[in-house]
Every structure is written in C-alpha cells, then in structure tokens.
Amino acid sequence: MNKQNLIIYDFDELFSILNEIKKDLNFNLIKVSKKEFSDLNLQLNSYLIVSKKEILNFQNQVIFKNLPLKISKIVETININFLKIKFNQQSDINIGNYKLNLNSRKMFGKDKELSLTEKETDIIIFLKNSKKPVSIDELQTHVWGHSSKLETHTVETHIYRLRKKISNKFNNHDFIKSTKLGYNIK
C-alpha cells in the first residue's frame, strides 16, 4: 500500500519533531520551503499540506496556528485529514457520461444532478459491476437480500422509477437497458 504524503510547508520545527518519530507514522514526510513550494509537483496520489498559515488555492491543508499542541493531537489531526481525503477520493464512481457520488447519493451529468435513494444507488452499482445482464432474481437476492423464490414486483417497480428519474433529469432513456437475460447499464 502506498503511503500518503505529508508536505510540511515552511514549518521546520514540526518537521524536526515528526522526523524523529517517522518510523511510527503511516505517512511520508516531505519538507518544503517557501522557495521550493512553487516547484513542487502536487500530482501525488494523496497529499496533505501542513503549515502555520493558509496557502491560497490549495486543497488538503491543515493549519496549526494555536501552538503548542501535544504531538499526539497533531498526528491525530493529520491522520483524520488523510482519512477524509481518502474517503472523498473513493466516493466518486464514473458510469459512462455520469458520476455517482456515494457519499451524497447524487448522480451528476450534463451540468445537472439527481438525488438517489440508497436502494437506487445500490441498484446502479450492482448493475455497473456486473459484466453480464442481471436477472430480477439476482437483484432480489443481492440488492434486497430476498429469496429469489418470492413473488414480488419490487425490482421491476424500482427499475421503472429509477429509469423515469434518470430520463426526466438527463433525458437519457437508455441508461438501464432491459434484455431477455436481465438488466444492464449501457
């Protein structure tokens, strides 16, 4: 697993302290001066900038103004912010021309957004992850947790409503396709 990168901007004291305990940390330390900062390549997969004051136009920053703090509190704050970054990175799923945000359960496309229920989100994810069309029985079993022997129109009703929502919002009538073998996402 790749470690995340902590960029310590113009904060020599903090770098010295963290560098002493770096073997116990679950992130890499990168010390950067004001002069070096403009040359820094922030194409790193996961980074967090720590400084004494805010750096304009940069995300993923933690500012420590009210010092002194216990080192355990500093490391805890850094780890929490890394978790937030990772959570946000993992929350977006691309599905064709759309983006599905799992945190907000919203689907984005064509400068529009559509709010989804938890079950609608589960249906979309299950259909997207399937390599072949998915039968009603499979959806009942895997999305609802019902026995496939139950006689119900729950799946068809949810698919119908989901198609209608997507069609009304994005004018896409073919997002969820129906075939003889089941449903799939185009």
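The values are calculated or read from the model by the stated rules, or taken from the named source; none is laboratory data. Note that the structure is predicted; figures quoted are calculated from it, not measured. With ideal geometry, Cβ positions are generated from the backbone for all residues, glycine too; neighbour counts draw on all protein chains shown. Surface areas here come from the heavy atoms of the whole protein model, side chains and all, with no ligands, DNA or RNA. Shrake-Rupley method; radii C 1.70, N 1.55, O 1.52, S 1.80 Å.
Please indicate, with yes or no, whether at least one residue in the stretch 9-19 is within 27 Å of the chain's Cα centre (by Cα), on the phi < 0 side of the Ramachandran plot and at pLDDT 85 or above. Scanning the stretch 9-19 turns up at least one residue that is within 27 Å of the chain's Cα centre (by Cα), on the phi < 0 side of the Ramachandran plot and at pLDDT 85 or above. Annotation for the stretch 158-178: no member residue is under 30 Å from ILE8 (Cα atoms), in a helix (DSSP H, G or I), open to solvent by 90 Å² or more (accessible area, probe 1.4 Å) and among the basic types (Lys, Arg).
The residue that is least open to solvent (accessible area, probe 1.4 Å), among those in the stretch 69-125 that are aromatic (Phe, Trp, Tyr) and under 30 Å from LYS164 (Cβ atoms), is TYR98. For the stretch 136-170, the set of residues classified as in contact with a Phe, Trp or Tyr (Cβ under 9 Å, 6 or more places away or on another chain), of a type outside the set (Val, Ile, Thr) and in contact (Cβ under 8 Å) with a residue 40 or more places away in the chain consists of GLU138, LEU139, LEU162, PHE170, listed by residue number. Remark: pairs (first residue in the stretch 52-63, at positive phi; second residue open to solvent by 100 Å² or more (accessible area, probe 1.4 Å); Cβ separation under 9 Å; 6+ apart in sequence or on different chains) = ASN60/LYS84.
Residues of the stretch 55-68 that are of a type in the set (Phe, Trp, Tyr) and open to solvent by 70 Å² or more (accessible area, probe 1.4 Å): PHE58 alone.
Is there a residue being over 30 Å from LEU6 (Cβ atoms), open to solvent by less than 30 Å² (accessible area, probe 1.4 Å) and assigned to a strand (DSSP E or B) anywhere in the stretch 137-157? Write out each step before concluding.
So the first thing to find is which residues in the stretch 137-157 are over 30 Å from LEU6 (Cβ atoms), and the list is 137-157.
Still in the running and open to solvent by less than 30 Å² (accessible area, probe 1.4 Å): 139-140, 143, 155.
Narrowing the set further to residues that are assigned to a strand (DSSP E or B) leaves none.
Within the stretch 137-157, not a single residue is over 30 Å from LEU6 (Cβ atoms), open to solvent by less than 30 Å² (accessible area, probe 1.4 Å) and assigned to a strand (DSSP E or B).
Restricting the search to strands (runs of 3 or more DSSP E) fully inside the stretch 11-94 and requiring at least 2 residues that are among the hydroxyl-bearing types (Ser, Thr, Tyr) gives 47-51. Scanning the stretch 126-135 for any residue that is open to solvent by 80 Å² or more (accessible area, probe 1.4 Å), free of Cβ contacts under 8 Å to residues at least 24 places away in the same chain and within 26 Å of the chain's Cα centre (by Cα) turns up at least one such residue.
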